[in-house]
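The values are calculated or read from the model by the stated rules, or taken from the named source; none is laboratory data. Keep in mind that what you see is a predicted model, and the values were worked out from it rather than measured. With ideal geometry, Cβ positions are generated from the backbone for all residues, glycine too; neighbour counts draw on all protein chains shown.
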Amino acid sequence: MVSIRSRVAGSRALGLAVFSCAATVIASCANRTRHNDSVAANASNNVEASSAIRAGSVAEDAASRAAHEDATATDVDASQTADSGASSLGLRGTGPLNVLYLTIDSLRSDALHPRGALPAAFGEDPARFAPTLAALARRAVVYTRAYALSSYTSMSVGGMYGGRYPGELPRDGYFFGEYRPSALMLAERLSNAGVHTMGAHAHFYFRRGSSGLEQGFARWEIVPGLVRNNTTDVEVTSDRLEALCERLLSEPAVRDRPWFLHAHFMDPHDQYRPHRGSPPPVVARGSRALYLGELWFTDQHLARLLSFVERQPWASRTAIIISADHGEAFGEHGHFRHGFYLWEELVRVPWMFVVPGATPRVIDVARSHIDLAPTILDLLGVPAQRDLPGISLRDELMGAPANPRVVWVDLPQTSDNDRWRARIDGDLSTIARGPNDGTFYVYDLRTDPEQRSPLARTDPRRAAAIEQYRQERGRFRDVPPDQWRPTAAR
């Protein structure tokens, strides 16, 4: 059953409220930022100074914008759109947009909204720990059943950029994998079409020559001073990454032509650091409480960035996409952190779009990041690329019916993990493990959203789901890695 819930904004106040919320967040955390943990305090003095200046002026900017009917608020006045065929953000057909794509590492879906019968944010109110994202969601098209392409960064971001399942892309085969130049990446397609492309990252893996993900980007910037560590992540970087984004978006190139910026925020990730000023959880304890504090910290800096965007002359021509590269485990299935498996907590992610002319609504059918590259290309006015397996969501974002589709998630075998692949069809999740799909797990997500009890072998739904999986797996054109090779079946 398809469930689509429409949220029509009755006035411009909703859009302005988002950035008023951002202003409030910034003002309330201006002093707190100076008291963050010692790692975060290592941010440059210039960044702190510019942030403090921005914090003091945002409330005034928001009030001024509210007084003018022609302000460049990134909200949709649905009643104006219906009456006059226009809104402050324009409509489809008025030309290519800019695309600001923001991802938050390890952000599981239920950190922002419930997952099936499960409560949001470990029983906490998401608006307390992510007020900016919660406000943004109220004026976005939100997909509550969104799936990443894989369960850890190298594979999921590689798939996002390649527009394919990661196992279909040329790569070396190691856990921190490097994609080969023969892999045609999203930024290359965009650059070839005249789009200015920018990437901003905060992890050593994204350094040039390390991942191959920089292919096609005109500007590819990494937060400076990062320490390489294959086993953990001790950095706190959201403040520095936000400042980097502002710098990229202040360059002349963004005024001359359509642009695409992907910024990947790394907090929360791996070592969850405490942040002064974070609201105390009511239910969550231990690592879950720290994780929510990291989300809160990141949300503060998203507020700064979105407030900056709102003040720019190109704001009304910019689509904003928010998602994550994968989820995070907290002991479910005996697993912590991410990677290695394809359980729901690892691959379900938030996904929201604020697009000029799109009426806010909630879509509850399953969708996958396989559709991300075609959607971004479409929003930027680049002709459809017929070699990509995904489907542009733009018509859906603009109100077309959201029909159910099968979703696949792919984890190729690497130097550190076995091969896993999942097929999600409605409420049935079929997971295959091993290079030859030797082991199957089938779950009814409606009655078992936490995947605690796979269907019994005697359940006819299990046999039917496995048979359907086998019939459709031929769609994949797996590319064997060119360096690491499995020495034996694992």
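A few comments on the model shown:
- Conditions (1) under 30 Å from Met352 (Cβ atoms); (2) within 26 Å of the chain's Cα centre (by Cα); (3) not assigned by TED's automatic domain parsing to the domain that holds Ala146: number failed by Tyr441: (2)
- Residue match in region 368-382 (condition: among the charged types (D, E, K, R) and touching a residue at least 60 places away in the same chain (Cβ under 8 Å)): no
- Filtering His326, His369 for residues that are within 28 Å of Ala243 (Cβ to Cβ) and modelled with pLDDT under 95 leaves a single hit, His326.
- Residue list for region 252-285, restricted to those being out of contact with any strand residue (DSSP E or B) (no Cβ under 6 Å at 6 or more places or on another chain), among the aliphatic types (A, V, I, L, M) and farther than 24 Å from His335 by Cβ: Val254, Val282
- Criterion: closer than 26 Å to Pro268 by Cβ and surrounded by 19 or more Cβ atoms within 10 Å (Cβ to Cβ) - qualifying residue of Val195, Val223: Val223
- Pairs, first outside the structural domain of Pro224 (by TED's automatic domain parsing) in region 238-251, second polar (S, T, N, Q), C-beta under 6 Å, six or more apart: none
- Note on region 125-154: among residues that are in a helix (DSSP H, G or I) and touching a Phe, Trp or Tyr at 6+ places or on another chain (Cβ under 9 Å), the one that is farthest from Gln300 (Cα to Cα) is Ser154.
- Candidates Pro404, Pro356 - the one that is touching a strand residue (DSSP E or B) at 6+ places or on another chain (Cβ under 8 Å), within 20 Å of Ala465 (Cα to Cα) and in contact (Cβ under 8 Å) with a residue 60 or more places away in the chain: Pro404
- Some residue of region 260-270 being farther than 19 Å from Glu124 by Cα, without any contact (Cβ under 8 Å) to a residue 24 or more places away in the chain and of a type outside the set (S, T, N, Q): no
- Number of positions in region 429-444 that are touching a residue at least 24 places away in the same chain (Cβ under 8 Å) and either surrounded by 20 or more Cβ atoms within 10 Å (Cβ to Cβ) or in contact with a His (Cβ under 7 Å, 6 or more places away or on another chain) (or both): 5
- Test: residue in region 316-331 that is farther than 24 Å from His203 by Cβ, among the β-branched types (Val, Ile, Thr), touching a residue at least 24 places away in the same chain (Cβ under 8 Å) and touching a helix residue (DSSP H, G or I) at 6+ places or on another chain (Cβ under 7 Å): yes
- Look at region 131-144: where a residue is in the same structural domain as Pro360 (by TED's automatic domain parsing) and a partner is assigned to a helix (DSSP H, G or I) and among the small types (Gly, Ala, Ser), sitting 6+ places away or on another chain with Cβ atoms under 7 Å, you get Thr132/Ala22; Thr132/Ala303; Ala134/Ala127; Ala135/Ala17; Arg139/Gly15.
- Single residue of region 457-490 satisfying the filter (of a type in the set (Val, Ile, Thr) and at pLDDT 85 or above) that is surrounded by the fewest Cβ atoms within 10 Å (Cβ to Cβ): Thr458
- Residues of region 158-178 that are hydrophobic (A, V, I, L, M, F, W, C) and more than 20 Å from the chain's Cα centre (by Cα): Leu169, Phe175.
- Taken together, the residues in region 266-288 that are in a loop (DSSP other than H, G, I, E, B) and touching a helix residue (DSSP H, G or I) at 6+ places or on another chain (Cβ under 7 Å) amount to 13.
- The set of residues in region 378-387 that are touching a Leu at 6+ places or on another chain (Cβ under 7 Å) and at pLDDT 95 or above comprises Leu379, Leu380, Val382.
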